[in-house]
Structures are given as structure tokens and as C-alpha cells.
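Here is the structure we will look at, set down as C-alpha cells.
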Amino acid sequence: MSDTDYDVVVIGGGGAGLAAAVTAAENGASVILFEALKELGGSTALSAGLFTAAGTSVQRELGIDDSAEKYFQHYMDLNQWMLKPGLIRAFCENAGPTLEWLIDLGVEIPAKVSGNAHQPGLSQAGVEDVWRGHVPKDQGYGLVQVLDAARRKHGIDVVLDTRVQSLLTQNGRVVGVIADDVALSAGAVVVASGGFAQDPTFVDRHYPVANKAGDSLFVVAAEGSRGDHLRFADAVDASITGDGWGLMLPTVYFQRYHHWQSGFPPKSRVYVNAAGRRFMDEDASYAVSTGIIDHQGGSAWIVFDENARANLPVGYVDWAAERVAEEADAGRTLRADTLEELAELMQVPTDALNATVARWNAHLPHGEDPDFLRHRTLANKGSTANPDPIAQGPFYAARILPAELVCTHAGLEIDQHAAVLDTTGVPIPGLFAAGEAGAGVLGLRYVGGGNAVANALTMGRIAGRNAARVPSDLSTPLPLTI
């Protein structure tokens, strides 16, 4: 007989929380989910829904030979082996099955090549040699709708617009939560409350590098990303890991929205450092691009011409022809009739900038880039037309820097079972975490588009499965599985 109100309480209704709740219910548990906002979805609903996984049916239909072992090796190498191999292996081995689970639930991912994160199919997620970015129909919103439909099918209770205040503990284990000053008992609790990008105090403490962007900093995480998981940590002596890690995307200084609202910089552009020289593939994956720009002193210049400005697509907020002209009129974006004059405004060597643009013009408009191989990146993105030369004055230069805060990686330390560890490294009975709240999968380097969504849903499933295995009579938990 149960002596609890529910077998499992899930805190957070984003991708991780929904995956945990549905999986726990699939394993026979009674589940209630608390969401701090007025609707479900969290940051997953705001995302492109891109999901990184290896050895999937989508890859096989496209003739791609891939495996969790290859994914694991790439993941660990990119993160310089600073993550726990056991946890990352569990993630990589379960990401593919989680994707298949989503497809079985109704998520549509066609077996065709995708050129970007908004075209359903298989895309290049980061700097992997085997494409692993699975783009679903209807993006992150579609993922949430499918998961919510499964939630309703299983009769999982949801309480919206309610932030869990604290965890309930008894004899060293977590036995429920307090919400709206009401205690609710449970066999296990899954913390899936998101990150802390919307809480400046936690950003200062756990990810201060984001503040280097100054006034250019903007946050695209869900409003509920306020660090609730960190507030729970002290009460149960939980270990916090991942300090200093997160995802900052390089953007122009005047951008204030994610790219589907903001727009994209012109294809005909060159990134220039303080020495007036080009230093990277302008379309490099954000798995590595932020680190490259950081190595140049934390910012660089985007240089483009009048033709590029005038031909920016209409309908966007930031990268729009009128907006760039306004920034130039205000003197915040540099503008000059000649490259020589622009170099003086940029305070870079004139001969270097001239040589940089001349070399760029000699190659990219003709379909090749011997220095940084950008022609390959453009081809992988489905680009069929070469960039135009950077040749028509006036010329422009705008600062680019890591300024878009997408997700944070510091959180409750988890093991391969998604069990939260205490400060001695021992699992806390009855407590699990996933997504940004459960730290250890998102690391030093963001592996590529879909890393956060795959982490949330994969570890959410593992957390939900193991939470459902905890007996509701609050006795010793059963062995955990991955």
C-alpha cells in the first residue's frame, strides 16, 4: 500500500520534466507535475527542437553508419574529457532510443537531408563528421505538444503557475515537496526546473563570463529559468557542478532576439580581428565559434558592404537594412566610403584589412575558401549561391561578441542514473534531476545544435524511469537502471 500522495513529483514542465513525467507514468507510477509558468514547454518550446543522437532510424534510412560509441568519443574529445565518462556514455547510449521513443509518440523527423535547424530532417549539428542533428517538424513547440499529448493520455496531473518552494526530507531522503505552503509526499522527486539564465544573481555566481557582454547581453531562455534547482541544493547538501560553463552564442552587439526573430547577418561578410585579419569560418558551428572569438580577445568585427546591407531579407527585427542604417547613423556601427577609412575607424592596420577583403573576394565569391573552408560549411547548410564580393561602398563594421545567453550548465550533480549526488558523491535517496537542472552532461563545450534538447529529454527519461522504481512506501530504493 502507498503511504504517499503520488509516486513521483516532477518539478518543471519543459522537455526534461515532461519526458520524466511521461516515462514515470509508463512505468506504472502516479505522477504530478508542477510548472512555475502559466503554460508548459519551458526553453524546449522556444527552441528549434533539434535533437542530437547517434545510431537512429533516420540516419539508417539515409545510409549513415553511426553508433553511440562514436558519439561518445566525439562528445568526450570535444569536452577535453572533463566530464564523467560513465555519465556521458549513458547519455550517448540512451539518446538514440529516446529519439525513437519520440518518433513512436508522434514526433515527425523525415529521413531527408536538412540544411538548417528549421528544416525537418537530418542536419549537421556541430563539428561532428557524422551528422546527428535531428530536426523535428514544428520545432521545439511540436516536441512539447507531442509530449503533452502523452502526458494527458497517461492522466498525469499538472499544476500550472505554481513554483515549488522547497523539498521535503525525512531521515536523509527526499520524500516530497512544498508548493503553495502545502506539503505533498512522494516516493521520489525529479527536479527539471531549467537553468538560471533569467536570474542575474545566479549568473554572477555560477556563470559570470556571460557578463563580459555588458550591455550587449540578452537572454533567450524561458522566463522560468530562475535557478530553482540551486535553491534546493543547500537543504539536501546536494553537490553543484558545472560552474563557469554555459552556452553563449556570438551575435552582433545590437541583437536582442533569437535569430528567427532577429534575422541573420549577410552571407557576404568577413570576421576581422584587432590585427585587421580574418581568423575564422564565419559560419562555424557555435560548438566552437564562441571559443574562437574568445581567443581573439572576446570580440571581433563583422565587415560587410552596402550591397549586403541593402539586400538583407525583410521581416526581421535586428538584421534589417533600416536597423543597420540607424545604427550607423548613430555611430554605433562604423560606416565609411572606403576600406581605408573604415580601417581607421576600426583602429586596425589599413594594409591588413585591404589584404583580408581582397583575399576573401578572390575566393568566396568563386566558391572556395582555402583558408577556413567556409565553402564546405555553406554547402552543408544547403547554400547553392556563392557570396557576393565585398566591394560596394559604403562599408560597415559592427562588433560581434558572445552575447546571447541560451542555457546554463551549472546545476545539481547527477550520475548515470540521473540520481542527484550529495557533496560526498553519494546519491541522495529519492532525488533525481534532468535537463539544465541536472548537471554533468552539458559541459565545457556545447557539442552542437540539439545538445540541450537531447540532454533534457534523454536524462529526463532516465530520471523518470528510476524515480518510478522507488517504492512508494518510502523504503530502500530499488536498484537503478539506465
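The values are calculated or read from the model by the stated rules, or taken from the named source; none is laboratory data. Predicted model, so just to flag it, every value in this text is computed and none were measured. Neighbour counts are summed over all protein chains in view; Cβ atoms, including those assigned to glycine, are modelled from backbone coordinates with ideal geometry. When the accessible area is computed, the model is the full protein with side chains, heavy atoms only, and any ligands, DNA or RNA have been set aside. Shrake-Rupley method; radii C 1.70, N 1.55, O 1.52, S 1.80 Å.
Side notes on the structure shown:
- Boolean, Asp104 is more than 14 Å from Ala287 (Cα to Cα) and either in a loop (DSSP other than H, G, I, E, B) or open to solvent by 50 Å² or more (accessible area, probe 1.4 Å) (or both): yes
- The sole residue among Ser166, Ser123 that is over 27 Å from Ile11 (Cβ atoms), of a type in the set (S, T, N, Q) and touching a residue at least 24 places away in the same chain (Cβ under 8 Å) is Ser123.
- Only listed residue being under 27 Å from the mean Cα position of the chain (by Cα), buried (at least 17 other Cβ atoms within 10 Å of the Cβ) and either closer than 29 Å to Lys112 by Cα or of a type in the set (Ser, Thr, Tyr) (or both), chosen from Asp369, Asp283: Asp283
- Qualifying residue in region 13-23 (condition: touching a strand residue (DSSP E or B) at 6+ places or on another chain (Cβ under 9 Å), assigned by the TED database to the domain that holds Gly187 and either in a strand (DSSP E or B) or farther than 15 Å from Ala150 by Cβ (or both)): yes
- Given (1) buried (at least 16 other Cβ atoms within 10 Å of the Cβ); (2) touching a helix residue (DSSP H, G or I) at 6+ places or on another chain (Cβ under 7 Å), number of the condition Gln392 does not satisfy: (1)
- Summed over region 419-437, the residues that are among the small types (Gly, Ala, Ser) and either more than 17 Å from Asp228 (Cβ to Cβ) or modelled with pLDDT under 95 (or both) give a count of 3.
- Residue identified as β-branched (Val, Ile, Thr), open to solvent by 50 Å² or more (accessible area, probe 1.4 Å) and under 30 Å from Arg445 (Cβ atoms) among Val348, Val317, Val406: Val317
- Among residues that are under 25 Å from Trp301 (Cβ atoms), touching a His at 6+ places or on another chain (Cβ under 6 Å) and at pLDDT 95 or above, Gly246 is included.
- Sub-9 Å Cβ pairs linking a first residue in region 355-375 that is assigned by the TED database to the domain that holds Met280 to a second residue that is of a type outside the set (D, E, K, R) and loosely packed, with under 14 Cβ neighbours inside 10 Å, at least 6 apart or interchain, are His363/Pro370; His375/Gly367, ordered by first then second residue.
- Subset tally (residues that are under 23 Å from Leu18 (Cα atoms) and either of a type in the set (Val, Ile, Thr) or at pLDDT below 95 (or both)) for region 386-418: 3
- Residues in region 314-354 that are assigned to a helix (DSSP H, G or I) and either more than 17 Å from Arg269 (Cβ to Cβ) or touching a strand residue (DSSP E or B) at 6+ places or on another chain (Cβ under 9 Å) (or both): 19 in all.
- Val175 vs. criteria of a type in the set (A, V, I, L, M, F, W, C) and touching a Phe, Trp or Tyr at 6+ places or on another chain (Cβ under 8 Å): no
- Answer residue from region 372-386, given it is in contact with a strand residue (DSSP E or B) (Cβ under 9 Å, 6 or more places away or on another chain) and open to solvent by less than 60 Å² (accessible area, probe 1.4 Å) and is farthest from Gly115 (Cα to Cα) among those: Asn380
- Considering each residue of region 232-240 in turn, none proves to be modelled with pLDDT of 95 or more and touching a Lys or Arg at 6+ places or on another chain (Cβ under 8 Å).
- Those residues of region 320-343 which are within 15 Å of Tyr253 (Cα to Cα), in contact with a Phe, Trp or Tyr (Cβ under 9 Å, 6 or more places away or on another chain) and open to solvent by less than 20 Å² (accessible area, probe 1.4 Å), in sequence order: Val324, Glu327, Ala328, Thr333
- In region 295-314, the residues that are more than 14 Å from Pro250 (Cβ to Cβ), under 29 Å from the mean Cα position of the chain (by Cα) and surrounded by fewer than 21 Cβ atoms within 10 Å (Cβ to Cβ): Leu312, Pro313, Val314
- The one condition from (1) more than 18 Å from the chain's Cα centre (by Cα); (2) more than 21 Å from Ala463 (Cβ to Cβ); (3) part of a helix (DSSP H, G or I) that Ala149 does not meet is (2).
- Residue in region 233-252 that is more than 30 Å from Ala328 (Cβ to Cβ), free of Cβ contacts under 8 Å to residues at least 24 places away in the same chain and open to solvent by 40 Å² or more (accessible area, probe 1.4 Å) present: yes
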